[in-house]
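The values are calculated or read from the model by the stated rules, or taken from the named source; none is laboratory data. Keep in mind the model is a prediction, meaning the values are calculated, not measured. Every residue, glycine among them, receives a Cβ derived from its backbone with ideal geometry; neighbour counts consider all protein chains shown.
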């Protein structure tokens, strides 16, 4: 976006781009989508933000819906299983490298951020889900530590009452309106509590889709993450694939709308006030804490997903080779690695399961 819109076309100024990036980092939701929506807002306000949001999501959404149809139609065939056998292992390596980069960039040498990061990683591994209120707790902890409010500095500390986050329960056995409403609520919650990289949504989705609601099996979920890696567009668009597996095309539409609507609102509502309040120390501290928590959850998710994707020696080697390639060749495109892993899967899987 920076290369095309700021440097090449000069539609957006450097200052507007940096402000959009800062807002995207500050607000919950997938960063890339929020940045795009903000850049649409800069010149054409609500209309621009809306058109950009739709244009940003639709192409990759159509791709994952098509892949969802193919997965349901041909998922039992050996060639499809072979592809995901290889791709699933490579995706673990890709997410591991992403988690490493996010950790070095977002956590750095700050001891408090490391504490939050490690705590969230441990909780994610232990519970195999994402505990949303811990994200907020991480942000509040850093805020109070770095830029404590006046009433804390003056010793007037009041007790806080934790507000439980409602979670849907149960699973409906057939596609109907109650199921769609359940999907909508869950994915809206996912869109509202994810900060930073689109990968941050992965542990949250795993906890709800697999562990809590049992909408998908562990293998289906890993395959859904793989689909996000092999299609262009935001990683978060995997929600369309997941929604399709749960409830067909209506499920895909509801899941995508539920995820991206909070992201859209969290961008356009604060946009008019961001220049004035966006650089307050308290806000910056809160964002740092939430980001450290999100990156910790991603790191924990790598371990959780690896237990499902690394099933034998070939998949372990494939994940390690992926990590080595991405460390060695900084500009190597991830889709190329995924395509190579798919070919390896096509060759190896039939031999092992003959």
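Among the residues of region 301-311, is there at least one that is closer than 19 Å to residue 133 by Cα and touching a helix residue (DSSP H, G or I) at 6+ places or on another chain (Cβ under 7 Å)? Looking for residues that are closer than 19 Å to residue 133 by Cα and touching a helix residue (DSSP H, G or I) at 6+ places or on another chain (Cβ under 7 Å), one finds at least one in region 301-311, hence yes. Listed by position, the helices (runs of 4 or more DSSP H) contained in region 69-176 that have at least 2 residues being under 22 Å from residue 238 (Cα atoms) and at pLDDT 85 or above are 78-106, 111-127.
Scanning region 265-278 for residues that are in contact (Cβ under 8 Å) with a residue 12 or more places away in the chain and either farther than 27 Å from residue 139 by Cβ or surrounded by fewer than 24 Cβ atoms within 10 Å (Cβ to Cβ) (or both) turns up 266, 268, 270, 271, 274, 275, 278. Of the helices (runs of 4 or more DSSP H) lying entirely inside region 238-324, those carrying at least 3 residues that are under 20 Å from residue 19 (Cα atoms) and modelled with pLDDT under 90 are 274-277, 281-309. Only one entry of 210, 227, 254, 236 meets the criterion of being under 22 Å from residue 103 (Cα atoms) and touching a helix residue (DSSP H, G or I) at 6+ places or on another chain (Cβ under 6 Å), and that entry is 236. Take region 46-64 and flag every residue that is surrounded by fewer than 20 Cβ atoms within 10 Å (Cβ to Cβ) and in contact (Cβ under 8 Å) with a residue 40 or more places away in the chain. Listed by number, the residues that qualify are 46, 50, 59, 63.
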